[in-house]
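To start, the structure itself, in structure tokens.
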Amino acid sequence: MAVTCPHCGEAIDEGVTTCPHCGRVIASDTTGSAPPMVAMDPVRSVTPVPPVMPLQPPPQPPGAGGPAVAALVLGIIGVVLSFTIVFGFVLGALAIVFGAVAISRARTPGGGSKGMGIAGLVLGIVAILFASLVIALLVSIGGLMHDGTSNVQYCLDHPHRSSCPTPVFP
């Protein structure tokens, strides 16, 4: 008489203590008699056990997240160096370009990280805004210094005017 494993339902020989299919021990009762066997019904089919699925995510294709990482790194460096104006504009523009490429590639399967692409795009915009702010401040300071310089030149040309203070030397 054919018997089946109580764990996996596969046909096994009588008297075995470990199933050769699933590797599980077939329990015996507490009296030490033979392990419990299930008679195989040839009419009823046994549902197979589904295979064990791996716990790790599927591998990404090589270079899938490259534009996203490049956008994020260039955006961060662009914000940090935006006071240098040139690096702020150049790195900010590159971060915007790479961020847009990363966002468009993220729409395809295995295309990379959309979040890093968006972060790089935003940081690129912030770097360009900061560099523009630095230019505006330099132009404003330059205008103030020009007004002060012309006043100094006037006082050097007309030292006895009442609008020119008397220099004090220590």
For segment 37-59, state whether one or more residues are touching a Pro at 6+ places or on another chain (Cβ under 7 Å), under 30 Å from Pro6 (Cβ atoms) and at pLDDT below 70. yes
Ala106 being small (Gly, Ala, Ser), modelled with pLDDT of 90 or more, more than 30 Å from Asp13 (Cα to Cα) and not assigned by TED's automatic domain parsing to the domain that holds Glu14: no
Residues in segment 107-120 that are within 13 Å of Leu72 (Cβ to Cβ) and surrounded by fewer than 21 Cβ atoms within 10 Å (Cβ to Cβ): how many? 4
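The values are calculated or read from the model by the stated rules, or taken from the named source; none is laboratory data. Predicted, not measured: the structure shown is a model, and the values here were computed from it. Quick reminder, even Gly has a Cβ in these numbers, built from the backbone with ideal geometry, and neighbours come from all protein chains shown.
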